[in-house]
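The values are calculated or read from the model by the stated rules, or taken from the named source; none is laboratory data. Since the model is a prediction, treat every value here as computed from it, not as a measurement. No Cβ is skipped: glycine too gets one built from the backbone with ideal geometry, and neighbour counts run over all protein chains shown.
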Amino acid sequence: MTPDFKPTEIERAAQAAWKAADAYRVTEDASKPKFYACSMLPYPSGKLHMGHVRNYTINDMLTRQLRMKGMNVLMPMGWDAFGLPAENAAIKNKVPPAKWTYDNIAYMKGQMQAMGLAIDWSREVATCSPDYYRWNQWLFLKMLKAGIAERRTQVVNWDPVDQTVLANEQVIDGKGWRSGAVVEKREIPGYYLNITKYAEELLDHVTHKLPGWPERVKLMQENWIGKSEGVRFAFTHSIAGSDGKLIQDGKLYVFTTRADTIMGVTFAAVAPEHPLAAHAAKANPAVAAFIEECKTGGTTEAELATQEKKGVPTGLTVSHPITGEAVPVWVGNYVLMSYGDGAVMGVPAHDERDFAFAKKYGIDILEVVHVDGEHYSYDHWQEWYADKQRGVTINSDNFSGLKYQDAVNAVAKALHAKGLGEKKTTWRLRDWGISRQRYWGTPIPIIHCDEHGPVPVPERDLPVVLPEDVVPDGSGNPLNKNEAFLACKCPVCGKPARRETDTMDTFVDSSWYFMRYCDAKNDKAMVGAGTQYWMPMDQYIGGIEHAILHLLYARFWTKVMRDLGLVKVDEPFTKLLTQGMVLNEAFSRTDSGKDYYWAHELDIVRDEHAHVLSATLKADGKPVTYEGWTTMSKSKNNGVDPQDLIERYGADTARLFVMFASPPEQTLEWNDAGVDGAHRFLRRVWNYAQKNAEALRATGDTTGSDGPEAKALRREVHTVLKQISYDYERMQYNTVVSGAMKLLNALEGFKVGAPAVIREAFGILLRALYPACPHITWHLWQDLGYATVHGDLLDAPWPQVDEGALVQDEIELMLQVNGKLRGAIKVPAAADKAAIEATALANPDFIKFAEGKSPKKIIIVPGRLVNVVVG
């Protein structure tokens, strides 16, 4: 053993040994219980960040400890390699997205290997590889045949200058992020997956088949699926189109969960794309102009929820289904044509959005629900206006005086009798549009023929390979100009045809990659025996930002594969851990623009608790603004490069700090002093092993004739081991690390020989610490001869608690006199009440503080204290 602790040399040697032994290759083994632990696959952006380090170390600790417990554990890794960032980088750097992506994969893979992660790289996948995305295409064709996939129109953001569809995040203030052109809404054809067919099952399984998921995530899934029970009804009208026929058969349908407020309707609002809006625009220039303005707005529900609510009256009216009174029709920018029937009823008195809209445009507000003890004010919105639990209908003719559900039932019955409505269940969930008018993604396997229209590519011709030598220039999808890709023959008639140039949403790639890990090299089938063995996944680990779409799509994709006979599981992930974000302090200053500064560029004044009091820029001495703790990012100059950390301190230190600083599910605040502390602890472990090498290499019985000090050490070690084992089970790795620190403290404080006892204790320390710090522990395990007895540390058995060591010959009890702590006594562990009382009364501290007074009462709390009452 070298005297100096040199992490780089230690880690290089350990990793070389693991690589030579192919230590992390995993195969299906029916003789062992399996455990599949997986982190969400990263996007190959170029470098790992500390969030990656934390995520993968959590997974690695779980994998290593369960392997020591005799389980067959799979920890794979891959790359979510398609997507828009690669295209943007390609435009900027004038290189093909493929080269940029594969270069990044190689670099990031090297970083992961430097971390010492127990990844089975034989199962590596990259979603941009034809070997992977051919199965995206294959299953898409199966879905198309089964009616789960279908072609229909969709509303998109269109950049008229760049001639391309933009993602919502590429639209900034209504303009294209690159061209600056005003973005238009266009309705174009695309492919949808009918996830709504699975809405009921997806919702039901949240409650009944995801017990290992965080409640927060389950609630987010439930809300996104959004089951609503209400009434769908129609306003009637006599508005005819240019063909002389009534528009939509003279009925304007809406859906509401508040049918009890139907008598409070004072307007109806339709989407800008609604047929009534289009009809009004022909004769009303203001409506036409407003519809054009709406084309530059957002297309998602989230965007519409946050943007300013605007509208314009159409001059048209529809008839109230109960009273027959005329109801004015407005066009509203907050109404989505793709949601429900593209229209809503406006009840300003009892809907916050409608209230704001009515106040803005002077629309009548009519109270139709009263809550006892409350007074309705028409000046500002109050939460109780929408209270359906306490409310009773008023101003509602025959429906007055009814509680919420009774009113809904009565209104539904009346509408049904008129043939204008009925109860209905609706869903917030919408079918998944997967068509993306971009290059770097899975080609949709469709051929367009002038005679036969869109025709599926025959399975025998898969994969439809995406050309990888293309360099996008920002002027639309380059596939539209790539004749080598476009030109093909119709599979039906053999005549010249054109390939589909839309590519699939990258959520498709990440919806099943975890199954492909199980059969990564199977070129005959999408999934096989490996998937049957490993799925469902036992533990999934990733960020809360993926709590809705990725997890929902993965659940849907799994159910489709089940229904197509590919897998047998209903749900893909048994347990889910959403790890907290890694935060760091951010400092900025606004001059001509907003600039962020690295901490090393600043003079920072802190109080005794390390809170920032002030900060100035070293370059000019001027103050900067402290923004507090925010997520690490390059843009805010507050990131920490894992590679720099590994080169300076070693991977074990980086791993140890991110595990010790915070529980896995909570945010982690970066602390340079904490990193130094983690490094010092590992140096102490190394130095203890060097100083006590001779004793640690000794062999012998741990329970022989050792004295009370050795027994006390064993008792403490096994007590801590019991807690560590429990903390591993609940994945509380921060307290696992603190437990390892307690073990080292106990060893360093033990000064009495007993080499067999310290050998046992240090062996327990190495195994407890190994999942967090595999390099130093593996080296010491080998060097000190533990491998000779227990085998390689990777498969060494997890240490078992010796219950006998926990038994105490003697216990200490706190001594109180009249309820005040005055000292302590030691008694045999088996001492009875009389013996304890006698020891207490004979104790010098009792004699001193009793001041000659006789004991009146002696209270004994077993295992804790003795209180002698004197008087």
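Inspect segment 62-69 for any residue being free of Cβ contacts under 8 Å to residues at least 40 places away in the same chain and within 25 Å of the chain's Cα centre (by Cα) and give the result as yes or no. Yes, segment 62-69 contains at least one residue that is free of Cβ contacts under 8 Å to residues at least 40 places away in the same chain and within 25 Å of the chain's Cα centre (by Cα). Among the residues of segment 504-518, at least one is in contact with a strand residue (DSSP E or B) (Cβ under 9 Å, 6 or more places away or on another chain), in a strand (DSSP E or B) and closer than 26 Å to Ile195 by Cβ. Checking each residue in segment 567-589 for being in contact (Cβ under 8 Å) with a residue 60 or more places away in the chain and farther than 20 Å from Val658 by Cα picks out Asp570, Glu571, Phe573, Thr574, Lys575.
Any residue that is assigned to a helix (DSSP H, G or I), outside the structural domain of Asn477 (by TED's automatic domain parsing), aliphatic (A, V, I, L, M) and in contact with a Ser or Thr (Cβ under 9 Å, 6 or more places away or on another chain) - is there at least one of those in segment 522-534?
Checked segment 522-534: no residue is assigned to a helix (DSSP H, G or I), outside the structural domain of Asn477 (by TED's automatic domain parsing), aliphatic (A, V, I, L, M) and in contact with a Ser or Thr (Cβ under 9 Å, 6 or more places away or on another chain).
Screening the candidates Glu150, Glu187 for the property of being surrounded by fewer than 16 Cβ atoms within 10 Å (Cβ to Cβ) and over 17 Å from Trp557 (Cβ atoms) yields one hit, Glu187.
Could we say that Thr631 is closer than 28 Å to Ser45 by Cβ and out of contact with any Phe, Trp or Tyr (no Cβ under 7 Å at 6 or more places or on another chain) here? Answer is yes for this residue. What helices (runs of 4 or more DSSP H) lie completely within segment 77-187 and have 3 or more residues being small (Gly, Ala, Ser) and touching a helix residue (DSSP H, G or I) at 6+ places or on another chain (Cβ under 7 Å)? Once the helices (runs of 4 or more DSSP H) in segment 77-187 are filtered for at least 3 residues that are small (Gly, Ala, Ser) and touching a helix residue (DSSP H, G or I) at 6+ places or on another chain (Cβ under 7 Å), what remains is 84-93. Any residue at all in segment 686-698 that's within 22 Å of Asn734 (Cα to Cα) and assigned by TED's automatic domain parsing to the domain that holds Val736? Yes; the residues of segment 686-698 include at least one that is within 22 Å of Asn734 (Cα to Cα) and assigned by TED's automatic domain parsing to the domain that holds Val736. Screening Tyr361, Tyr378 for residues that are out of contact with any His (no Cβ under 8 Å at 6 or more places or on another chain) and either at pLDDT 95 or above or of a type in the set (Val, Ile, Thr) (or both) leaves exactly one candidate, Tyr361. Residues that are surrounded by 20 or more Cβ atoms within 10 Å (Cβ to Cβ) and within 17 Å of the chain's Cα centre (by Cα) within segment 579-595 comprise Gln579, Val582, listed in sequence order.
All of (1) touching a Leu at 6+ places or on another chain (Cβ under 9 Å); (2) under 25 Å from Arg430 (Cα atoms) hold for Pro348 with one exception: (2). In segment 200-211, the condition of being part of a strand (DSSP E or B) and at negative phi is met by no residue.
Would you check if there is a residue in segment 280-295 being in contact (Cβ under 8 Å) with a residue 60 or more places away in the chain and not assigned by TED's automatic domain parsing to the domain that holds Asp563? Yes - at least one qualifying residue is present in segment 280-295.
Suppose the filter is farther than 30 Å from Ser319 by Cα, touching a residue at least 12 places away in the same chain (Cβ under 8 Å) and surrounded by fewer than 17 Cβ atoms within 10 Å (Cβ to Cβ); does Pro463 pass it?
Here the answer is no, as Pro463 does not meet what is asked.
Here is the figure for segment 525-572: residues that are farther than 13 Å from Trp512 by Cα, over 20 Å from the mean Cα position of the chain (by Cα) and not aliphatic (A, V, I, L, M) total 9. Looking only at residues in segment 1-56 that are assigned to a helix (DSSP H, G or I) and β-branched (Val, Ile, Thr), the one that is surrounded by the most Cβ atoms within 10 Å (Cβ to Cβ) is Val53.
Out of Asp802, Asp832, one residue alone is assigned by TED's automatic domain parsing to the domain that holds Thr719 and either of a type in the set (Asp, Glu) or at positive phi (or both). It is Asp802. Across segment 158-199, what is the total count of residues that are more than 27 Å from the chain's Cα centre (by Cα) and within 17 Å of Met337 (Cα to Cα)? Count: 7. Residues in segment 212-232 that are in contact (Cβ under 8 Å) with a residue 24 or more places away in the chain, part of a helix (DSSP H, G or I) and either surrounded by 13 or more Cβ atoms within 10 Å (Cβ to Cβ) or acidic (Asp, Glu) (or both): Val217, Met220, Gln221, Trp224, Ile225.
Let's see how each residue does on (1) surrounded by fewer than 19 Cβ atoms within 10 Å (Cβ to Cβ); (2) β-branched (Val, Ile, Thr); (3) touching a Cys at 6+ places or on another chain (Cβ under 7 Å):
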{"position": "Leu721", "(1), (2), (3)": "no, no, no"}
{"position": "Ile764", "(1), (2), (3)": "no, yes, no"}
{"position": "His779", "(1), (2), (3)": "no, no, no"}
{"position": "Tyr786", "(1), (2), (3)": "no, no, no"}
{"position": "Asp802", "(1), (2), (3)": "yes, no, no"}
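Of all residues in segment 442-449, one or more are over 19 Å from Arg134 (Cα atoms) and either at pLDDT 95 or above or β-branched (Val, Ile, Thr) (or both). The criterion of at least 1 residues that are touching a helix residue (DSSP H, G or I) at 6+ places or on another chain (Cβ under 7 Å) and within 24 Å of Ala487 (Cβ to Cβ) is met by the following strands (runs of 3 or more DSSP E) wholly inside segment 419-462: 453-456. Checking the stated criteria, Ser588 turns out not to satisfy the condition of being of a type in the set (Ser, Thr, Tyr), part of a loop (DSSP other than H, G, I, E, B) and under 30 Å from Val605 (Cβ atoms). Identification of helices (runs of 4 or more DSSP H) wholly contained in segment 596-706 with 2 or more residues that are under 34 Å from the mean Cα position of the chain (by Cα) and on the phi > 0 side of the Ramachandran plot yields no element. Among the residues of segment 380-413, just one is part of a loop (DSSP other than H, G, I, E, B) and of a type in the set (Asp, Glu), namely Asp387. When Gln163 is tested against (1) in contact with a strand residue (DSSP E or B) (Cβ under 9 Å, 6 or more places away or on another chain); (2) closer than 24 Å to Asn88 by Cα, just one condition goes unmet, and that condition is (1).
So which of Ala118, Ala89, Ala114 is at pLDDT below 95, closer than 30 Å to Thr667 by Cβ and in contact with a Pro (Cβ under 9 Å, 6 or more places away or on another chain)?
Ala89
For segment 735-765, a tally of residues being of a type in the set (A, V, I, L, M, F, W, C) and farther than 16 Å from Phe660 by Cα returns 11.
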